[in-house]
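Every number in this text was worked out from the coordinates using simple rules, so none of it is lab data. Since this is a predicted model, take the numbers as computed values, not measurements. So basically every Cβ, Gly included, is an ideal-geometry build from the backbone, and we count neighbours across all protein chains shown.
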Amino acid sequence: MPDSGGIADSGTRANVITTVSAARHLPGHAWQVFGTFINADGHMNLDTFLQAANSTGEIVYLMAGLLLVVLTIALERTWYLRRALIAGNRVIAKLDPVDRVEQQQLRDIGEICGNLPQARLMAATLRHDLDHDFERLSDRIEEAILREAPRIDRYLWVLDTIVTLAPLLGLLGTIMGMFSTFHVLSSSAGPSPKVTGGVAEALLATASGLFVAIIGLVLFNALNNRVRVILHQLEILKVMIINRMYPHYRAPLQTNPHGRERLTGPRPLRAGEI
């Protein structure tokens with residue numbers, strides 16, 4: 001039985017060699033530019049590629065490092081935000097059929113969420129004293145959401161910076177690569193393959209910068225959209241918790257351990273507040 005991988009590899013190589021053969025008929029010195037990185041067998045010329053990277057002031061190596069940073073942040077944030085999004089949907093599903101939430105339910109939900117933002121919202125709700133005014137519950141939960149926001153969009157500023165920085169670094173590498181090209185041009189009587197090859201080497205920095213910026217922009221927008229959804233989930237949970245804690249303030253009057261009756265309804269307006 002023939003090896004399908006070998007057939008696919010030979011077919012791909014045949015297509016590349018056909019493309020290279022067609023490129024030989026390009027006018028002028030275009031073949032020299034095309035052949036800067038690909039040889040006649042259709043393989044990438046690694047030595048020439050490294051030479052081109054070095055001619056751009058090693059900016060291409062910096063682009064590789066930036067791409068690694070982008071992919072690392074994207075993987076870490078994707079894993080974290082996915083867990084937070086799933087936990088938010090789970091908490092909403094648990095609170096949706098409930099008209100009145102009890103402390104034990106909040107503790108159970110917090111344990112399920114672990115170290116995610118929803119768990120800290122449950123902890124903030126549990127710290128609320130029912131002897132305090134009902135309006136303070138909303139302020140306490142809002143404080144917890146504001147504290148969680150920087151943790152949710154952590155490191156996204158790095159992606160935003162790389163998206164802006166990569167094309168500029170690519171342009172810088174192209175300018176540095178053009179120095180050697182102009183030097184060859186000034187020392188020769190006219191256009192030569194070294195000039196066109198030098199232009200191709202210089203443009204490698206711009207191409208790599210645009211490639212990193214495109215990848216970073218797509219990942220940044222995808223992660224930023226998840227952050228927006230999670231923050232919206234937290235706002236929904238805030239309203240749901242407040243609505244389900246309100247029946248505690250409408251319960252019959254109870255006597256606290258000090259023998260005094262606890263006001264269970266929302267605080268009435270004072271004369272000066274009307």
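Quick check: residue separation of H232 and E142 times 0.36 nm, minus the Cα distance between them. What number comes out in nm? Before the final figure, lay out the partial values.
Numbers: separation 90, 0.36 × 90 = 32.40 nm, distance 1.24 nm.
Going from the current span to full extension adds 31.2 nm.
What spacing in nm lies between the two simple spin-label points modelled at D96 and A149, each 7 Å away from Cα in the Cβ direction?
It works out to 2.7 nm between the two label points.
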